[in-house]
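The values are calculated or read from the model by the stated rules, or taken from the named source; none is laboratory data. Treat the numbers as computed from the prediction; the structure is a model and nothing was measured. Virtual Cβ from ideal backbone geometry, glycine too; neighbours counted across all protein chains shown.
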């Protein structure tokens, strides 16, 4: 060849084998990402035959991480992030501490040094945002209350890992038994200042500049320029964040997406970037497989199983306990637990840095990669097991049933609520993007509204404003009973999936046979399922918007 074609070869081999193995995995009723991981193993240096360029594959996968986090930011506002801070911040910090202690405990049993144990434990504590987002998107959970909690939790984890990555080099001497490097306090201060400066810059400047830029490009009428603007914003902001503020590429792209969400073209931006996000996300899984050496499975099978157990079982149980302690329902606890039962990109970066600093060796790195590969491959299975696991736990455990029915001040309406507001009222399930404006409109018309909401923070705000609201999963009859569904005139469901909505309607009709029911479906398939169940009138936001626009257009044209 007259010129270097390593990039082309890496892309061709990565995409081609990912397609073949992903399709085969799907036929075997396995998640396609298992096939992507195996494709990476096949073209990695640990297996014979063609070996792709590791450095190029790593950079290409980093682009996938950027684009995926950018897409999440487009659907995840600062308000969403702040709304889950009371569970995400303490939960992420405590969960990192617990998982680090479990991993370090294993390392201590194996006779490893303190520095090695700490880096090893930290590498097992942080979950992969890429894997989580793919799992949430595949199941339509990304924009649900549980999805926002899981994403917010991982954003906090990523922020903690940014701090860890900056502090590790100056502390390497202490961790390896040498004298403590000077200037540690100053390093911490500088790091926090950089992260805070980046966030402030994005909130003050980026929040105004990026939507204006997107609007200006959209007015040009050029589709390719619009797509170029979206990709440039994602990659450019991520790169600038990493170079100027020492913030990870992923977090930089995430904040770029959140700022662009302020634009009226945010939905179009998400649609335009979707094909690239999917393609480069595949390369992320391929690059993970390339790092894996299968020999570790034969040489250290017990250690691999124990490491995988810490990731899949230890982290899940820790998250379950934390979420339940914070008085969230079992379904939320199981969703967060499944979200954290894997490790990914930050683990690879951290263990690589630890090796370059002489804190860990090749065996430790191989064990972390083995745990990552196994946990990523099994993560989809865990998500699929959430619903049956919840039913099994509630059926077998009296303690679980007691926790679901525990004395929670937010799970019951205050006695001070005016009884007139609990007669002929509208019971509104969900106070999010659809429910909140709907509630305001109904109240403006003089109708009484009682809100049932899964997020405690929203219920607390509503109560501070003097509105009746209860916290809990409305598919559980106790929540609707607390909302006085038996005396309500209408049930409006704006949150939950089709199965949950059906259970809500069944409970409502058992307690109030004459109640009217209105449901908001997130997709056409979900709308069809609900219509087949004949549980009530079903609307889709897009369809309702189109009808409203049509009526206004006809009115302005004098055709009505």
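Quick rundown of the values:
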| item | result |
| --- | --- |
| Any chance residue 495 is assigned to a loop (DSSP other than H, G, I, E, B) and either in the same structural domain as residue 330 (by TED's automatic domain parsing) or touching a residue at least 12 places away in the same chain (Cβ under 8 Å) (or both) | yes |
| Residue in region 481-488 that is over 21 Å from residue 419 (Cβ atoms), in a helix (DSSP H, G or I), more than 28 Å from the chain's Cα centre (by Cα) and in contact (Cβ under 8 Å) with a residue 12 or more places away in the chain present | no |
| Residues of region 32-55 satisfying the condition of being without any contact (Cβ under 8 Å) to a residue 24 or more places away in the chain and more than 19 Å from residue 19 (Cβ to Cβ) | 48, 51, 55 |
| Residue satisfying condition, being at pLDDT below 85, in the same structural domain as residue 282 (by TED's automatic domain parsing) and closer than 30 Å to residue 362 by Cα, within set 54, 78 | 54 |
| Test: residue in region 95-107 that is part of a loop (DSSP other than H, G, I, E, B), touching a residue at least 40 places away in the same chain (Cβ under 8 Å) and at negative phi | no |
| Odd one out for residue 61 among (1) in contact (Cβ under 8 Å) with a residue 12 or more places away in the chain; (2) in a loop (DSSP other than H, G, I, E, B) | (2) |
| Only one of 428, 394 that is in contact (Cβ under 8 Å) with a residue 60 or more places away in the chain, surrounded by 14 or more Cβ atoms within 10 Å (Cβ to Cβ) and under 30 Å from residue 343 (Cα atoms) | 394 |
| Residue that is surrounded by the most Cβ atoms within 10 Å (Cβ to Cβ), among those in region 248-270 that are within 19 Å of the chain's Cα centre (by Cα) and outside any helix (DSSP H, G or I) | 248 |
| Unique residue being touching a helix residue (DSSP H, G or I) at 6+ places or on another chain (Cβ under 9 Å) and free of Cβ contacts under 8 Å to residues at least 24 places away in the same chain when the list is 469, 436, 474 | 436 |
| Residue in region 355-375 that is in a loop (DSSP other than H, G, I, E, B) and under 26 Å from the mean Cα position of the chain (by Cα) present | no |
| The one condition in (1) at pLDDT 85 or above; (2) in contact with a strand residue (DSSP E or B) (Cβ under 8 Å, 6 or more places away or on another chain); (3) not in a strand (DSSP E or B) that residue 474 fails to fulfil | (1) |
| Qualifying residue in region 112-132 (condition: free of Cβ contacts under 8 Å to residues at least 40 places away in the same chain and either over 30 Å from residue 462 (Cβ atoms) or not in a helix (DSSP H, G or I) (or both)) | yes |
| Conditions (1) surrounded by fewer than 16 Cβ atoms within 10 Å (Cβ to Cβ); (2) modelled with pLDDT of 85 or more; (3) closer than 24 Å to residue 65 by Cβ; (4) out of contact with any helix residue (DSSP H, G or I) (no Cβ under 7 Å at 6 or more places or on another chain); number of the one not met by residue 201 | (1) |
| Residues located in region 133-148, provided they are in a loop (DSSP other than H, G, I, E, B) and either at negative phi or in contact with a helix residue (DSSP H, G or I) (Cβ under 6 Å, 6 or more places away or on another chain) (or both) | 139, 141, 142, 143, 144 |
| Subset of region 291-307 [assigned to a helix (DSSP H, G or I) and farther than 18 Å from residue 346 by Cβ] | 295, 296, 297, 298, 299, 301, 302, 303, 304, 305, 306 |
| Every residue from region 24-49 that is more than 25 Å from the chain's Cα centre (by Cα), over 20 Å from residue 369 (Cα atoms) and surrounded by 12 or more Cβ atoms within 10 Å (Cβ to Cβ) | 24 |
| The lone exception for residue 428 - which of (1) part of a helix (DSSP H, G or I); (2) touching a helix residue (DSSP H, G or I) at 6+ places or on another chain (Cβ under 6 Å) it fails | (1) |
| Failed item, numbered, when residue 244 is tested on (1) under 24 Å from the mean Cα position of the chain (by Cα); (2) surrounded by fewer than 16 Cβ atoms within 10 Å (Cβ to Cβ); (3) modelled with pLDDT of 85 or more | (1) |
| Residue satisfying condition, being modelled with pLDDT under 85, under 26 Å from the mean Cα position of the chain (by Cα), surrounded by 14 or more Cβ atoms within 10 Å (Cβ to Cβ) and part of a helix (DSSP H, G or I), within set 155, 230 | 155 |
